[in-house]
Amino acid sequence: MDKERKRKLPVGIEDFRKLRTEDFYYIDKTPMIKDLLHRWGEVNLFTRPRRFGKSLNMSMLKAFFEIGCDKTLFEGLKIWGEPELCEQYMGRFPVISISLKGVGADDYETARGLLVRAITREVKRQQYLLESDRLSSEDKESFSALFKNDMDDETLCCSLCELSVLLHKHHGQKVIVLIDEYDVPLAKADEKGYYRRMVTLIRNLFDQTLKTNEGLYLAVLTGCLRVAKESIFTGLNNPKIFSITAVRFDEYFGFTDSEVREMLCYYGLEDRYQAAKDWYDGYRFGNVDVYCPWDVINYCDDLLDDPAMEPKDYWSNTSGNGVVRHFIEKVDNGLTKGEIEALVAGETVTKEIHEELTYNSLYDTIDHIWSVLFTTGYLTRRGRPDGKQLRLAIPNMEIRGLFTEQIMTMFKEETRKDGETLARFCDALKEGDAAGVERMFNVYLARTIGIRDTFVRRPLKENFYHGILLGILGFKNGWYVRSNKEAGDGYSDIQVQIEDEAIGIIIEVKYAQKGDLEMVCQGALEQIERGGYARELEETGLHKVLKYGIACFRKRCKVIMGDQIGNDPQDDGGEK
């Protein structure tokens, strides 16, 4: 099949109907419907990290159950092989479907208004009820009240329940309620300081919709966190909670290894399997290892444009990574540098995890932050649980990069405050004082979080130390610092021009895998010479070009200066 005729990749597509009618690639998750019907509770909550297909699955459920559905959407899919189930359930239910993804604002009044609009949009979708001969004039009057954007709190909290009752009365069939991203309003409310008011509003809405609703057949909710029952689901009769540790439904959110292999094969990208696995696999849901769908789809899409494209971070661009920053800020306050170093190195740490939290207590203690990192996908489980004790690890290269990025950001912020030490380091560097550079760099290495010698590959270790040096040099005024600048026959790690003093500096950073700092340092200098990295600086007319080889091993370094090119202008009587 020609590339032009391949199905389109569904980048950002969360509408099941659109995906199936406009020739997008679809990884079949319809067996979830069968499992939901065979072993369901009246209220079912699925918690997964963002970008793992929650919204698409909710759209799939709506497309399957809703009266008047287009049954051709499911032809050829796995659920189509269940004719009796399809006959009994497909297109048989009125469905209420709302998303709370957009219900977040800087203040309570605006957020409440967005919640009202989310509900009124769904009400307007059901406005055929105004023509119903099964509803009384009083029923229609109650229904009309749900169209108003200025509805009072009582009407708002009863709105979904009222709509369910009216749909049940019209169709003679109880209603399926789908609420996507149920906890987004709570997360935003906590961030902006109106959490208590929003909790009260959402609790009352859910209480009416999910507890006292005679028109409800079943409800499905999705979200990132399993918010404590005391906060939202007060008094609800045994809701079914399917968190990331639950075995049931474990393969329906995220892509399995076989699904990713099949997808890469379809697009002729089989040779990029290992890269995709290293970067985007590693999440453990129930008993299944899964990839992040958002990452895999975006990576495949980029590869179709550029087959040489290297994996990159797609996940963090969809949301902030404040939880990682909160975590790293807890160093020496219940968290040790060694624990972060172990995680970044690919090792595990064992912690007690609490999946039921309230948003306003997420960062109260380091114990809670471990739980948040786990439930939101920044950490995953290795091995089997021991009660609430889990062995936690960073799932893949992408998330490891987010951790190191936050580590470097905080290191740079700390470095900025340390002007005196920074000045001594830079003075030693431009004066050719290799011993002084080594001494000061060791001081900086001792202060930051390091990388151990386990999982992390050598190039990534070198990038880490490279980043520390750039963080130090970047705050020196009047220094033009370039990273991985093309020079000679290759690329120098760091190139510095001090134009006012006509001095150039070439730095090659290496990681001493076996701790042989001296030998690796000499190898770095040989690479500078072999690659002719100093040639460009010589040609600019600088009076002096200094060449440094720097070898690092954990929190130690060795610095050796190579042969200097040129002399100080003062050596010629101060003439230039």
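Taking a 31 Å limit on the Cα-Cα distance, which of the listed pairs LYS8/LYS277; LYS62/LYS330; LYS8/LYS192; LYS54/LYS461; LYS6/LYS29; LYS277/LYS510 fall beyond it? Over 31 Å apart, Cα to Cα: LYS62/LYS330; LYS8/LYS192; LYS54/LYS461. Using a 1.4 Å probe on the protein chains only, how many percent of the accessible area of the chain belongs to carbon and sulfur? Roughly 44 percent of what the probe reaches on the chain is carbon or sulfur.
A P(r) calculated from all alpha carbon pairs of the range 1-58, with 10 Å bins opening at zero, reads 18, 44, 27, 9, 2 percent. Look at the dipole of the chain built from charges on Cβ: of GLY377, ALA446, ALA145, the Cα furthest out on the positive end belongs to ALA145. Each other residue within a Cβ distance under 10 Å of GLY401 adds +1 if Lys or Arg and -1 if Asp or Glu, for a net charge of -1.
Let me check I've understood the local charge: for GLU191, count other residues with C-beta under 13 angstrom from its C-beta, Lys and Arg +1, Asp and Glu -1. What total comes out?
Local net charge: -2.
Of the GluC sites (Glu not before Pro) in the range 1-75, the ones in a loop by DSSP (not H, G, I, E or B) with at most 15 other beta carbons within 10 Å are GLU22, GLU75. Each Lys or Arg adds one and each Asp or Glu subtracts one; over the other residues with Cβ under 12 Å from the Cβ of LEU225, this totals -2. Heavy-atom accessible area with a 1.4 Å probe sorts THR376, THR110, largest first, into THR110, THR376. This structure gives Cα extents along the principal axes in Å, computed directly, and of (i) 77, 58, 57; (ii) 104, 56, 48; (iii) 93, 75, 60 that value is listed as (ii).
Computed about its Cα centre, the charge dipole of the chain is approximately 1640 debye, with only Lys, Arg, Asp and Glu carrying charge at their Cβ.
Out of the range 317-423, which trypsin sites (Lys or Arg not before Pro) are coil in DSSP terms and have no more than 15 other C-beta atoms within 10 Å?
Hits after loop and neighbour filter: LYS388.
The values are calculated or read from the model by the stated rules, or taken from the named source; none is laboratory data. Worth saying up front: this structure is predicted, and the values here are computed from it rather than measured. Note that each Cβ is placed from the backbone with ideal geometry, even for glycine, and that neighbours are counted across all protein chains shown. Surface areas here come from the heavy atoms of the whole protein model, side chains and all, with no ligands, DNA or RNA. Shrake-Rupley method; radii C 1.70, N 1.55, O 1.52, S 1.80 Å.
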